[in-house]
1. Please order Val195, Val14 by the number of other Cβ within 10 Å, starting at the fewest.
2. Obtain the nm distance between the two label points defined at Arg100 and Asp54 by a simple spin-label model: each point lies 7 Å from its Cα along the Cα-to-C-beta direction.
3. In nm, to one decimal, how far is the Arg33 label point from the His191 one, both placed 7 Å along Cα→Cβ?
4. Can you sort Leu74, Leu205 by how many other beta carbons sit within 10 Å, fewest first?
5. Which of Ile212, Ile122, Ile88 comes first, and how do the rest follow, when ranked by fewest Cβ neighbours within 10 Å?
6. On a straight-distance basis, which lysines could pair with Lys168 in a cross-link, Cα separation under 29 angstrom, same-chain partners fewer than 8 positions away excluded?
7. For Thr258 paired with Gln159, estimate the spin-label separation in nm (one decimal), with each label point 7 Å from Cα along the Cα-to-Cβ line.
8. Using only helices, what value at 222 nm comes out for the chain when you add -39,500 (n - 2.57) per DSSP H run of length 4 or more and divide by the total residues, to the nearest 500 deg cm²/dmol?
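Quick note: the coordinates plus some simple rules give every number you see, no bench work behind them. Not measured: the values here are computed from a predicted model. Note that each Cβ is placed from the backbone with ideal geometry, even for glycine, and that neighbours are counted across all protein chains shown.
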Amino acid sequence: MTTVLAVANQKGGVAKTTTVASLGAALAGVGQRVLVVDLDPQGCLTFSLGHNPDRLERSVHDVLVGDAEAKEVLLDTDEGVSLLPATIDLAGAEALLLMRPGREFALKRALAPLLANVDVVIIDCPPSLGVLTLNGLTAAEAVLVPLQCETLAHRGVGQLLRTVSEVKQVTNPGLELLGALPTLYDARTTHSRDVLADVADRYDLPVLSPPIPRTVRFAEASASGATVLAGRKNKGAQAYRELAENLLEHWAGNDLVTFDQQ
Ligand SMILES: Nc1ncnc2c1ncn2[C@@H]1O[C@H](COP(=O)(O)OP(=O)(O)O)[C@@H](O)[C@H]1O
Ligand SMILES: [Mg+2]
C-alpha cells in the first residue's frame with residue numbers, strides 16, 4: 001500500500017520544501033521507498049536534493065502535459081529518495097493544463113504506474129492554490145499543512161482549508177486533512193504556543209507532533225544544496241525523524257500523535 005502525502009500551504013517560507021526533503025530523507029532512513037515530487041516551478045526541492053533545475057532536460061512539467069512518463073524523468077538523490085524534479089518550465093503548466101479536461105487529475109494519472117514500487121510519495125506544493133496545488137491535493141490521500149508559528153502565519157489557513165474541502169467534494173473524496181505541522185518553532189517563547197493554540201481552536205485543526213524547532217543548520221543546508229539530514233544530529237533533523245515515526249504509526253492504523261497544547 002502506497003501512501004501519498006501532499007504538503008501544502010499557499011504561503012511561502014513556512015518550510016514546505018524543507019519538510020518534504022527532511023521527512024522524505026527520514027522515511028528513507030528507516031527503509032521506506034520514498035518518492036518526492038517537486039510541484040513548485042522555483043525548483044527549490046530539486047535544488048535542495050542536489051540537482052540543478054537549470055540543467056535538467058525534462059521535469060514534472062513534461063509529465064503533467066503528457067510529453068513524458070514519470071519513470072523517464074525520475075532522478076536518484078544522495079538522500080536515498082527518488083525525485084520527480086521541477087524546472088521553471090512548470091510555470092507554464094498552469095496555463096496549458098487549464099485548457100484540458102480532467103486537469104486536476106494529471107499528476108494522479110502520472111503517478112499511478114509508479115506506486116507499485118514506492119511506499120510513500122510526498123508532494124511539495126507551490127505557494128499558491130492554483131492548478132498545480134489542486135493536482136497535488138487530488139493525487140494525495142492526505143495533506144499536511146506546515147505552519148510557521150512566529151507571525152500571523154495562520155491568516156491564510158481558512159482559505160486553504162476551504163480549498164481542501166472543495167477538493168474533497170469535487171476531485172478527491174478520500175482526502176484526509178492530517179493537520180498542521182508547527183515549523184520554525186521556538187519553544188522558549190510563549191508566542192509560538194499561543195499561535196498554535198489559536199490555530200487549533202479557530203480551525204478545529206489537529207496539530208501534529210513534534211513541532212519542528214528553528215535551527216540555523218536548515219538555512220545553511222538549503223543555501224548550499226547540501227543534504228538535509230545526512231550525518232546531522234541537530235534538533236530539526238531529530239524532530240523530522242520523530243515525525244516520520246509518528247506518521248508510520250498512523251499509517252499502520254494507529255491514532256495520530258498530536259501536540260499537547262499544555
Ligand atoms: N526548522 C528550520 N529552522 C531554520 N530554518 C528553516 C527551518 N525550516 C525551514 N527553514 C528555512 O526557511 C526558509 C523557507 O523554507 P522552505 O522549506 O523553502 O519553505 P517553503 O517551501 O514553504 O517556501 C528556507 O531558507 C529554509 O532553509
Ligand atoms: Mg517551497
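1. Ranking Val195, Val14 by Cβ neighbours within 10 Å, fewest first, gives Val195, Val14.
2. Using points 7 Å along Cα→Cβ, the separation is 2.9 nm.
3. About 4.6 nm, to one decimal.
4. Least to most surrounded, the residues fall as Leu74, Leu205.
5. Ranked by crowding around the Cβ, least crowded first: Ile88, Ile122, Ile212.
6. Lys11, Lys16, Lys71, Lys108
7. Those two pseudo-labels are separated by 2.6 nm.
8. Helix-only estimate at 222 nm: -11500 deg cm²/dmol.
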